[in-house]
């Protein structure tokens, strides 16, 4: 009988081999990624090597789904909802369930509004001195959605409770984005683009566009496939997320967890209808799969009659896998951490140099820089939020 450890070794060896073949790597290239010898790697693929914690950590870095069990997840990536005839403070307190006194008030906004309340990346826009027929607009970017999920967890609540509150006051859903993160790379976007160009994609969208950019050194920055125009009520975008993040973080693509991202963007009536359906099904990934399979189909050309072309195997596997998985909430770093990371990236080496000179010369340049700096109102607010507990921000638990 196989021990649990042996089963794990067999599973890892098969997944490593599949990863290598899927990415067109040699065993030597894989051994370099894991920082082991070529012979050591060969033994792993052939189930002949016990795996150290250090090697397993590197394998999980390449294939995080081995640890989490999920090769994909689905998240809300953008929310825009209009609420009419309710003051912004009440929208924050009663609809979002947050304390409006913890928001930062600004005399500017987007979409024609002249004022807004902000809590990191959660924004509530309105007009002063009195509300107009534009009402109040709740806006959350992808980062804002992650921050709001943190508060939902504290409230022992979920997205559907929030959506139900919006429906209860006749909220109008202006835009909703769903994003499917693919950790496995089920789809080769370059191959999908080729299928589009060869007429092997059957789509209900009027326009299908592709985009691929390269750096000045000739290296690719990834491929993107667009279904629908920016003005469409629904748009689907497939892109190679690992290229984007690799460029941003200056690390190897292989170390980026999310390989591809598939975004479904819904506007106006389509957004309203999507939320109505989700309130019934409460299954984002199944709904996303149904929409993709309804509007897009990748086929393998077998004859002159498209009716007899079979569904592409990779596309079929992708849709099947999506249907089995659930939505995940993944809170991200807050604005304070983002600001600190930005400062470290832009000025960290300079600040370190100044401090080293102070230590060597006995000067106080570094301290003088800090002491003479003045924080703006927004930075005081950022400090207040960083020092606050979640209970200071959330008004009440539950629904």
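Which of the peptides 166-172, 188-194 is most tightly packed, and how do the rest follow, judged by the mean count of other Cβ atoms within 10 Å per residue? Don't skip to the answer; put the middle values down first.
Working: 166-172: 15.4, 188-194: 17.1.
Listed from highest to lowest mean packing, they are 188-194, 166-172.
Mind checking the full-extension length gain between residue 17 and residue 43? Use 0.36 nm per residue of separation minus the Cα-Cα distance, one decimal, nm.
8.2 nm
Going by the alpha-carbon gyration tensor, a ≥ b ≥ c the square roots of its eigenvalues, is region 108-170 rounded (a/c under 1.5) or, if a/c is not under 1.5, prolate (a/b greater than b/c) versus oblate?
oblate
Testing the spin-label approximation: label points 7 Å from Cα along Cα→Cβ at residue 302 and residue 208. State their distance in nm.
Calculated label separation equals 1.9 nm.
First measure r as the distance between the Cβ atoms of residue 130 and residue 233, then evaluate 1/(1 + (r/R0)^6) with R0 = 30 Å and state the FRET efficiency to the nearest 0.05.
The pair residue 130/residue 233 has a calculated efficiency of 0.45.
Just to be sure I understand: with springs between alpha-carbon atoms less than 10 Å apart, which residue in 225, 278, 152 has the highest mean-square fluctuation in the Gaussian network model of the chain?
The residue that fluctuates most here is 278.
Cut-off is 10 Å between beta-carbons; in what order do 364, 242 appear when sorted fewest neighbours first?
The most exposed by this proxy come first: 364, 242.
Any chance you could check the Cα centroid distance between region 65-109 and region 257-296 for me, in angstrom?
If we compute the Cα centre of each part, the gap is 19 Å.
Using the basic label-point model (7 angstrom from Cα toward the beta carbon), what is the residue 359 to residue 273 distance in nanometres?
The modelled label-to-label distance comes out at 6.4 nm.
Taking 0.36 nm per residue of separation and subtracting the Cα-Cα distance, what length does fully extending residue 380 through residue 27 add?
Working: separation 353, 0.36 × 353 = 127.08 nm, distance 5.32 nm.
Here the answer is 121.8 nm.
Classify region 146-292 from the C-alpha gyration tensor, please: rounded if a/c falls under 1.5, else prolate or oblate depending on whether a/b exceeds b/c.
Verdict is oblate for region 146-292.
Counting each DSSP H run of 4 or more residues in the chain as -39500 (n - 2.57), what helix-only mean residue ellipticity at 222 nm follows after dividing by all residues, to the nearest 500 deg cm²/dmol?
Here the helix-only value at 222 nm equals -13500 deg cm²/dmol.
Take the Cβ-Cβ distance between residue 156 and residue 87 as r, set R0 to 22 Å, and report the resulting FRET efficiency rounded to the nearest 0.05.
About 0.25, to the nearest 0.05.
How would you classify region 4-68 from its alpha-carbon gyration tensor, with a ≥ b ≥ c the square roots of the eigenvalues: rounded for a/c under 1.5, else prolate if a/b is greater than b/c, otherwise oblate? Write down the numbers at each step before the final one.
Details: a/c = 1.37, a/b = 1.20, b/c = 1.15.
Note, shape of region 4-68 comes out rounded.
No lab work stands behind these numbers, since they all come straight from the coordinates. Source: prediction; values computed, not measured. Cβ coordinates were reconstructed from backbone atoms using ideal geometry, including for glycine residues, and neighbour counts include every protein chain displayed.
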